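The values are calculated or read from the model by the stated rules, or taken from the named source; none is laboratory data. These numbers come from a predicted model, not from an experiment. We place every Cβ from the backbone using ideal geometry, glycine too, and count neighbours over all the protein chains shown.
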Amino acid sequence: MLPKDLRQDFPPLSREIDGKPVIYLDSGCTTLKPQVVIDAITEYYTMYPACAGRSSHKFGVEVTEHLDSARESVANFINAGTSEQIVFSKSATEGINLVAHGIDWQPGDRVITTDHEHNANLVPWMCLKRYRGVEMDKVISTPENILDLEKLEQMMSSNVKLVTMAHVCNLDGHVNPVEEAIKMAHDHGAQVLLDAAQSVPHKVVDVKKLDVDYLAFSPHKMCGPPGVGVLYGREGLLDELRPMVVGGGCVTDVNALGYRLQPAPRRLESGTQNAAGILGTAAAVKYLIGLGLSEIEAHEKKLNSIVDESLSNIENVSIMGPKDPQMRGGITGFNIAGAGHHELARMLDQRSNIMVRSGKHCNHAWFAKHKLTGSVRASFYLYNTEDEARFFAEEITAIAQNFEEHKEKLKQADYSC
Ligand code: ALA
């Protein structure tokens, strides 16, 4: 069980807007940050606001030590063998690009991804296809939108260099069978990159147990600050990636003839690092470990089941992904027949400060393929309560029963402000 008083850790949850509390259900996009994370960021600016890994004065040494220890915490969090296997980038997107542009692609090499990837794990491969001639294919998912292992097996061949997929889908929260996919890819001599932006914040992720080659995730989706990403690489692999960005920090030596790159991770971290963000990330990791990832996962599933109990009985509501809410983590993606997703999101916001995301959720290709203009997505996290889940379900039920009337009110409210 999560502690009952943890909501006090999140300053925005004490806000009231128009006399009503805030119900934040957009954690799949970015989470709220607890005070300990805000404090860690502030500590950098107030105590040792220097460059890490550069200057030998006291501030420089302090910040370098804090960053080294942050790298250690992040490595332990996902059970990476050593902190050298952790690269700090500016986002998970950048981490994925470091792999995409770092691998030594040869003519005829192929990448296999899936048909439900977020743009961050699709556009980099499209880009390789467009500019470098790397072949790229997508596995068509099962009717429940899950990775189809049989189809993946049929697509594997000796020229597949990399298989990549989301660990957890950002549209509907389903977990892909990544252990089986990783084994299959390795049996065919391919490496695997997991986009773990929607899994690492919500469940125990152990890179050794997964036996994965690369894994990227986003601290800002797990109580940390934006502007930092994490890329994990299996021992030895990061040293083989060609740096995408070079300059200060990635070299041991430069002379008139050339340069010598540092070993990983620094060869992939050119430029001054986002020290405040990395220290905030370490604080977020500590916070999540203190609560327990298994407890967080169980809590989110409970909330999703509460919502599902009501929504699955409403005729004009269609929920995305697997039928069983236990298979959708903390995400409820849905549509109401005849109702616009953006209108629905604005209604929830205007009526009751319920903040959800609407649209294509940076997953344009999936919506294009299914001829849908978008969906509404409620994404729960550790600070949401059962009462909030029930209230959200009641609000959707009320709107679904009489969308047109609510739409009228939305228009009036829009014109009045
Ligand atoms: N990946 C983010 C989301 O799903 C942007 O909302």
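Worth pointing out:
- Residue within region 204-216 that is away from the ligand (no atom under 16 Å from the Cβ), under 15 Å from residue 117 (Cβ atoms) and assigned to a loop (DSSP other than H, G, I, E, B) present: no
- Residue among 316, 304 that alone is at pLDDT below 95, under 26 Å from residue 25 (Cα atoms) and not hydroxyl-bearing (Ser, Thr, Tyr): 316
- Criterion violated by residue 172 - all others in (1) out of contact with any His (no Cβ under 6 Å at 6 or more places or on another chain); (2) closer than 19 Å to residue 86 by Cα; (3) part of a loop (DSSP other than H, G, I, E, B); (4) in contact (Cβ under 8 Å) with a residue 40 or more places away in the chain satisfied: (2)
- Whichever residue in region 217-247 is farther than 30 Å from residue 24 by Cβ, touching a residue at least 60 places away in the same chain (Cβ under 8 Å) and assigned to a loop (DSSP other than H, G, I, E, B) and, among such residues, is farthest from the ligand (Cβ to nearest atom): 235
Residue-wise test of (1) in a helix (DSSP H, G or I); (2) aromatic (Phe, Trp, Tyr); (3) more than 18 Å from the chain's Cα centre (by Cα); (4) surrounded by 24 or more Cβ atoms within 10 Å (Cβ to Cβ).
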{"position": "349", "(1), (2), (3), (4)": "yes, no, yes, no"}
{"position": "358", "(1), (2), (3), (4)": "no, no, no, no"}
{"position": "362", "(1), (2), (3), (4)": "no, no, no, no"}
{"position": "368", "(1), (2), (3), (4)": "yes, no, yes, no"}
{"position": "373", "(1), (2), (3), (4)": "no, no, yes, no"}
{"position": "376", "(1), (2), (3), (4)": "no, no, no, yes"}
{"position": "383", "(1), (2), (3), (4)": "no, yes, no, no"}
{"position": "387", "(1), (2), (3), (4)": "yes, no, yes, no"}
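- Which numbered condition residue 340 misses (of (1) surrounded by 15 or more Cβ atoms within 10 Å (Cβ to Cβ); (2) touching a strand residue (DSSP E or B) at 6+ places or on another chain (Cβ under 8 Å); (3) at pLDDT below 95; (4) farther than 26 Å from residue 230 by Cβ): (2)
- A single member of 135, 144 is touching a Pro at 6+ places or on another chain (Cβ under 6 Å) and under 25 Å from residue 367 (Cα atoms), and it is 144.
- Selection from region 191-203 of residues that are away from the ligand (no atom under 15 Å from the Cβ) and either within 23 Å of residue 280 (Cα to Cα) or assigned to a helix (DSSP H, G or I) (or both): 203
- Flag not set for residue 167, criterion: of a type outside the set (Phe, Trp, Tyr), closer than 21 Å to residue 237 by Cβ, surrounded by fewer than 19 Cβ atoms within 10 Å (Cβ to Cβ) and modelled with pLDDT of 95 or more.
- Unique match (being among the aromatic types (Phe, Trp, Tyr), in contact with a Leu (Cβ under 9 Å, 6 or more places away or on another chain), at pLDDT 95 or above and farther than 18 Å from residue 277 by Cβ) among 24, 44: 24
- Subset of region 107-140 [free of Cβ contacts under 8 Å to residues at least 40 places away in the same chain, within 16 Å of the ligand (Cβ to nearest atom) and within 14 Å of residue 162 (Cβ to Cβ)]: 124
- The selection criterion, being within 15 Å of residue 236 (Cα to Cα), of a type outside the set (Asp, Glu) and assigned to a helix (DSSP H, G or I), holds for residue 99.
- Cβ-Cβ distances below 7 Å connect the following pairs, each with a first residue in region 353-365 that is on the phi > 0 side of the Ramachandran plot and away from the ligand (no atom under 12 Å from the Cβ), a second residue that is outside any loop (DSSP other than H, G, I, E, B) and β-branched (Val, Ile, Thr), and a separation of six or more residues or different chains: 353/17; 353/23.
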